[in-house]
Structure formats: C-alpha cells, structure tokens
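The values are calculated or read from the model by the stated rules, or taken from the named source; none is laboratory data. Just so it is clear, the structure is predicted and the values come from calculations on it, not from any experiment. With ideal geometry, Cβ positions are generated from the backbone for all residues, glycine too; neighbour counts draw on all protein chains shown.
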C-alpha cells in the first residue's frame with residue numbers, strides 16, 4: 001500500500017475512471033480532473049474530484065495553478081483526458097480541428113508544465129501519457145486525431161530525455177481499441193468477441209506497473225493491442 005498522490009485527468013469515465021479506481025484500491029490518493037463527475041460517484045475519502053474543462057485553454061493555466069497550490073506534493077500525473085473525431089481532413093472545420101488538438105495535445109502540455117517544477121524540485125515523479133495506436137501509424141480518416149497523438153508521443157519522448165537527470169520518469173501507453181464510451185459518438189466500434197478489444201482495467205494495470213517499477217527503471221512506451229483487431233460498423237439505429 002502507498003500514500004502517494006496522483007492526478008488523473010479524464011477521471012470520470014473510461015480509462016481514466018478505471019485508473020482512478022485501481023489506484024484508490026492500492027492506497028494512492030487520487031485527484032481526479034474532469035468536466036462532470038456525475039458518472040463517477042466516488043465516496044472514497046482519498047479521492048478528490050476537481051471539475052475543470054481542459055479544453056478551455058484561456059482559463060486552464062489559472063485553474064491548474066490553483067490546483068497545484070492546494071496540494072503541492074504531486075507524485076504522479078496520468079493524462080487520460082481526450083476525445084475522438086474521425087473523417088477526411090476536409091470534413092473538419094477549422095474550429096473542430098482546433099478543439100481536437102486543444103484537448104488531445106495542448107492541454108496535456110499545460111498539465112505537465114504545471115506539475116514539472118515541483119517534481120523537479122523534489123527529484124522524483126511519474127508522468128504517464130495516454131497515447132493511442134493512432135500515435136504509431138496514421139490511418140484513413142484519422143489525420144487530425146493521429147496528428148494530436150503523434151504530437152503527444154513526441155512530447156513524451158522529448159520529456160523523457162529532458163527530465164531524466166531530475167529523477168522524473170516519463171512514459172506513454174498506446175492502447176488499441178478499448179471498450180469504453182469513447183465509441184458512443186463514433187460510427188465504428190471494436191468487435192464483440194473478448195479478444196477484439198482491450199478493457200479499461202487492462203490499461204489501468206499497465207499504469208500501476210509503471211508507477212510501481214523499481215526506481216531507476218522506466219517503461220518508456222507500452223503498446224497494448226487486442227489479440228484480434230476487428231472493427232464493426234453498426235447500421236443506423238442498430239447495435
């Protein structure tokens with residue numbers, strides 16, 4: 001058991017919720033950041049929900065500064081907040097492009113920038129980014145999403161080198177198709193068989209492994225994939 005303090009963004013649903021739940025079970029103190037916690041009514045005293053819209057970049061720096069001042073000892077940051085939108089590039093309006101990049105990439109830069117000084121001063125800390133298989137290879141109808149995730153992967157690699165001398169560990173996890181609400185607004189889903197998708201807790205287990213690795217060892221990058229990649233395209237009005 002541990003009493004370390006971890007911030008998890010996107011903590012109210014999907015992968016972020018699974019990570020928060022697992023870490024709480026292991027004794028971590030978790031500050032969850034999300035827009036709405038109505039889907040995650042958690043009464044664990046070690047869990048602190050913070051309602052924050054990470055896509056509002058104008059307000060984000062001040063909100064993050066206030067968050068850090070409340071508890072300056074942060075042992076880890078898990079960046080899970082994100083959203084998906086897919087289509088040919090010309091199907092995206094400029095505001096839609098900016099919105100997707102703001103949440104999936106730029107807000108992650110702001111989050112890390114807020115916690116880095118304290119971690120470097122203490123000489124320890126873990127930063128874990130939630131990448132994607134879209135960060136490994138671009139695909140049809142995924143130009144904007146892949147651009148964001150490739151950028152996030154580059155950020156993780158650069159920070160890994162930048163922060164090593166300060167005792168910080170930087171990792172990125174690249175999951176394939178995870179069975180979450182992520183696909184609720186999309187026109188495709190993973191296959192229905194258990195080997196066609198990853199579960200959120202599979203990703204949460206990888207995060208726990210990263211956090212609990214021997215000091216001095218870093219999981220630079222973890223790629224998680226379903227055993228069989230099957231994509232289904234439900235008919236309108238069907239399942």
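Descriptive notes on the structure:
- Residue within region 101-109 that is surrounded by 15 or more Cβ atoms within 10 Å (Cβ to Cβ) and either touching a strand residue (DSSP E or B) at 6+ places or on another chain (Cβ under 9 Å) or assigned to a loop (DSSP other than H, G, I, E, B) (or both) present: yes
- Residue that is farthest from the chain's Cα centre (by Cα) [pool: residues in region 70-100 that are within 30 Å of residue 5 (Cα to Cα), at pLDDT below 90 and surrounded by 15 or more Cβ atoms within 10 Å (Cβ to Cβ)]: 84
- Matching residues in region 84-100 - criterion: being outside any helix (DSSP H, G or I) and either touching a helix residue (DSSP H, G or I) at 6+ places or on another chain (Cβ under 6 Å) or in contact (Cβ under 8 Å) with a residue 24 or more places away in the chain (or both): 84, 85, 86, 87, 88, 92
- Within region 3-27, being in a loop (DSSP other than H, G, I, E, B), within 22 Å of residue 70 (Cα to Cα) and in contact (Cβ under 8 Å) with a residue 60 or more places away in the chain holds for 4, 10, 11.
- Residue 39 surrounded by fewer than 13 Cβ atoms within 10 Å (Cβ to Cβ), in contact (Cβ under 8 Å) with a residue 12 or more places away in the chain and in a loop (DSSP other than H, G, I, E, B): yes
- Residues of region 120-133 satisfying the condition of being crowded, with 23+ Cβ neighbours inside 10 Å and farther than 23 Å from residue 30 by Cα: 132
- Residue within region 55-63 that is in a helix (DSSP H, G or I) and in contact with a strand residue (DSSP E or B) (Cβ under 7 Å, 6 or more places away or on another chain) present: no
- In the condition set (1) at pLDDT below 90; (2) in a helix (DSSP H, G or I); (3) crowded, with 17+ Cβ neighbours inside 10 Å, residue 67 is compliant with all but (1).
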